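One structure is given below, encoded as structure tokens.
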Amino acid sequence: MRVTVLGSGTSHGVPSIGCDCEVCRSTDPKDHRTRPSILIEVTDGDTALARRSAGGAKAAAAVQSILVDTSTDLRMQALANDIKRVDAILFTHSHADHIFGLDDVRRYNQMQQGVIPCYADADTLASLKRMFSYVFEPPKQRGGGIPQLSIFRIAGPFTLGGVEIVPVPLFHGHLPVLGFRVGTFAYLTDCNRIPDESWPLLDGVRIVILDALRHRPHSTHFSVPEAIAVSQRLGAERTYFTHICHDLGHAQTNAHLPPGIELAYDGLVLEVHD
Ligand SMILES: [Zn+2]
Ligand SMILES: [Zn+2]
Ligand SMILES: [Zn+2]
């Protein structure tokens with residue numbers, strides 16, 4: 001399985017509009033963060049390993065390409081990472097930074113000649129239907145086309161092309177949202193609390209992408225010290241922080257994080273082997 005961090009930034013993105021701070025003016029590409037999203041590609045494991053060990057630059061073909069959220073920056077993320085397929089979309093919640101790129105999936109409908117299944121909890125589905133009424137209650141005239149989607153309510157673990165997806169209930173302030181676990185990998189964005197009942201769902205995870213907005217506390221996101229504590233309790237081998245705001249410079253912050261914990265960045269690719 002291969003996980004690509006498409007966007008590692010908070011809702012404003014980094015640089016933030018009109019900001020002249022050191023991080024927003026940084027020339028380090030890792031300080032340039034688009035809105036949060038990842039792509040999970042389930043690959044033929046043997047092929048991926050073989051090609052990697054042979055030093056081949058060409059990655060194994062995905063057998064299932066799963067997009068998590070459709071960020072505001074989806075089009076640029078798809079171009080930057082040359083995403084050729086989207087077989088399914090998982091939604092964590094319906095905040096604007098996680099859904100406003102939905103219209104761009106039209107291109108995948110066109111290329112794949114098919115409808116794309118979307119998975120979300122009941123509240124997120126209701127919000128999607130309201131916020132994208134032109135998709136779900138389309139007008140008669142279909143000028144430029146609209147996304148062709150089928151929607152499924154998440155009520156527990158399910159499989160996509162033979163891959164088990166485990167939804168992990170989290171709290172984002174008072175808002176219930178979903179993280180996702182696939183094998184030994186977990187994506188836990190937009191959260192500042194993992195409820196007691198969700199910890200067992202994360203038993204044995206080895207690679208985690210976790211919300212860590214900034215050093216200072218926030219009402220709906222983990223701070224860096226809180227996220228470090230979560231990472232240590234999870235016992236993950238590697239933790240990558242995401243949903244990062246302009247308070248955190250990539251290199252400066254990484255220099256002070258404990259071993260096994262670092263900031264994610266746009267374009268980061270993780271190979272996950274079970
Ligand atoms: Zn967000
Ligand atoms: Zn700034
Ligand atoms: Zn959010």
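The values are calculated or read from the model by the stated rules, or taken from the named source; none is laboratory data. All of these numbers come straight from a predicted model, not from anything done at the bench. Glycine also receives a Cβ, built like all others from the backbone with ideal geometry; neighbour counts cover every protein chain displayed. We work out accessible area using only protein heavy atoms, side chains counted, and drop any ligands, DNA or RNA first. Shrake-Rupley method; radii C 1.70, N 1.55, O 1.52, S 1.80 Å.
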Quiz prompt | Segments classed as strands (runs of 3 or more DSSP E), wholly inside the range 111-188, with at least 1 members that are among the β-branched types (Val, Ile, Thr) | solution = 116-120, 149-153, 158-160, 163-172, 175-182
Quiz item: If the Cβ limit is 9 Å and pairs must be 6+ apart or interchain, which residue in the range 2-24 that is at positive phi pairs with which residue that is open to solvent by less than 10 Å² (accessible area, probe 1.4 Å) and more than 9 Å from ligand 2 (Cβ to nearest atom)?
Solution: Gly13/Gly7; Gly13/Arg33
Exercise. Working carefully through the options Pro139, Pro117, find the one that is at pLDDT below 95, away from ligand 2 (no atom under 16 Å from the Cβ) and open to solvent by 10 Å² or more (accessible area, probe 1.4 Å).
Key: Pro139
Quiz item: Mind checking whether some residue in the range 43-54 is farther than 23 Å from Arg206 by Cβ, modelled with pLDDT of 95 or more, among the small types (Gly, Ala, Ser) and open to solvent by 10 Å² or more (accessible area, probe 1.4 Å)?
Solution: no
Practice problem: Working only within the range 78-99, note down all residues that are open to solvent by 10 Å² or more (accessible area, probe 1.4 Å), part of a helix (DSSP H, G or I) and within 15 Å of ligand 3 (Cβ to nearest atom). | Solution: Ala96, Asp97
Quiz item: Based on what the data block shows, is Leu102 crowded, with 17+ Cβ neighbours inside 10 Å and modelled with pLDDT under 95?
Solution: no
Exercise. Name the residue, out of Leu202, Leu213, Leu188, that is open to solvent by less than 40 Å² (accessible area, probe 1.4 Å), touching a residue at least 12 places away in the same chain (Cβ under 8 Å) and within 16 Å of ligand 2 (Cβ to nearest atom).
Key: Leu213
Quiz item: Right, Gly179: within 23 Å of His221 (Cα to Cα) and in contact with a Phe, Trp or Tyr (Cβ under 9 Å, 6 or more places away or on another chain) or not?
Solution: yes
Self-check item: Boolean, Arg75 is within 16 Å of the chain's Cα centre (by Cα), farther than 21 Å from Ala186 by Cα and away from ligand 1 (no atom under 16 Å from the Cβ)
Solution: yes
Quiz prompt | Pro167 vs. criteria away from ligand 1 (no atom under 16 Å from the Cβ) and under 16 Å from Ile244 (Cα atoms) | solution = no
Quiz prompt | Sole residue being at pLDDT 95 or above, under 19 Å from the mean Cα position of the chain (by Cα) and among the basic types (Lys, Arg), chosen from Arg153, Arg130 | solution = Arg153
Quiz item: So how many residues does the range 16-27 have that are open to solvent by 50 Å² or more (accessible area, probe 1.4 Å) and either in contact with a helix residue (DSSP H, G or I) (Cβ under 8 Å, 6 or more places away or on another chain) or within 16 Å of ligand 1 (Cβ to nearest atom) (or both)?
Solution: 0
Quiz item: In the list Arg35, Arg75, which residue meets the criterion of being open to solvent by less than 60 Å² (accessible area, probe 1.4 Å), basic (Lys, Arg), at pLDDT 95 or above and not in a strand (DSSP E or B)?
Solution: Arg35
Quiz item: Considering the range 167-182 alone, what residues qualify as being open to solvent by 20 Å² or more (accessible area, probe 1.4 Å) and closer than 15 Å to Ser198 by Cβ?
Solution: Pro169, Phe171, Leu175, Pro176, Arg181
Exercise. Output the strands (runs of 3 or more DSSP E) that fall wholly within the range 226-274 and possess 3 or more residues being surrounded by 13 or more Cβ atoms within 10 Å (Cβ to Cβ) and of a type in the set (Asp, Glu), or say none.
Key: none
